[in-house]
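First up is the structure itself, then whatever we jot down about it.
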């Protein structure tokens, strides 16, 4: 089961997805809200915190999660203070009951990762792709539009057109024709380039 713990939060934050099952994992910690209480409302234990990237709105609550649950944090850049262990491109990561493939997808930020499970066709897209063809900003440090377009293309070529769910770093998740939103993001990023 996947629950967005930041849904309805009126603060500057990213989405924070609690993935429960065999391995209970938080995907992004969010910022500026009590994610620890939100996790505790749904589960007793947390096995890990996995980051799509290290922008402040995604890592603001990391220290609170570490302290409350004694978990280690996984992300692409082990030199960042929020990250304890590196996840490399192509590495397999267990979230809930499924194995996800980590895809290094820079363009919004150099350490950006997406996570894709071929079965049951779920993608955690971070700030690369949003609902209705939205895509991540490239005007921040480490942002680069050409690189972002390449990352969107890589995701589109890697995943199945039968993608069932897309869980972005901001805004609502997409269920049903999720692949179409990825195609739209690639088109939109090119049009405004």
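A short reminder: the numbers here are calculations on the coordinates, not readings from a lab. Because the structure is a prediction, the values reported are computed rather than measured. No Cβ is skipped: glycine too gets one built from the backbone with ideal geometry, and neighbour counts run over all protein chains shown.
Worth pointing out:
- Test result for residue 18, touching a strand residue (DSSP E or B) at 6+ places or on another chain (Cβ under 6 Å), in contact (Cβ under 8 Å) with a residue 24 or more places away in the chain, over 20 Å from residue 129 (Cβ atoms) and outside any loop (DSSP other than H, G, I, E, B): yes
- Number of the exception - residue 80 against (1) over 15 Å from the mean Cα position of the chain (by Cα); (2) more than 24 Å from residue 138 (Cβ to Cβ): (2)
- Selection within the range 21-36: residues that are at negative phi and in a loop (DSSP other than H, G, I, E, B). The member of this set that is surrounded by the fewest Cβ atoms within 10 Å (Cβ to Cβ) is 22.
- Strands (runs of 3 or more DSSP E) wholly inside the range 77-193 that include at least 3 residues being buried (at least 18 other Cβ atoms within 10 Å of the Cβ) and at negative phi: 98-104, 113-117, 122-126, 165-168
- Under the condition of being surrounded by fewer than 14 Cβ atoms within 10 Å (Cβ to Cβ) and either in contact with a helix residue (DSSP H, G or I) (Cβ under 8 Å, 6 or more places away or on another chain) or within 22 Å of residue 113 (Cβ to Cβ) (or both), the residues counted in the range 8-20 number 1.
- Scanning the range 60-71 turns up no residue that is surrounded by 16 or more Cβ atoms within 10 Å (Cβ to Cβ), in a strand (DSSP E or B) and under 15 Å from the mean Cα position of the chain (by Cα).
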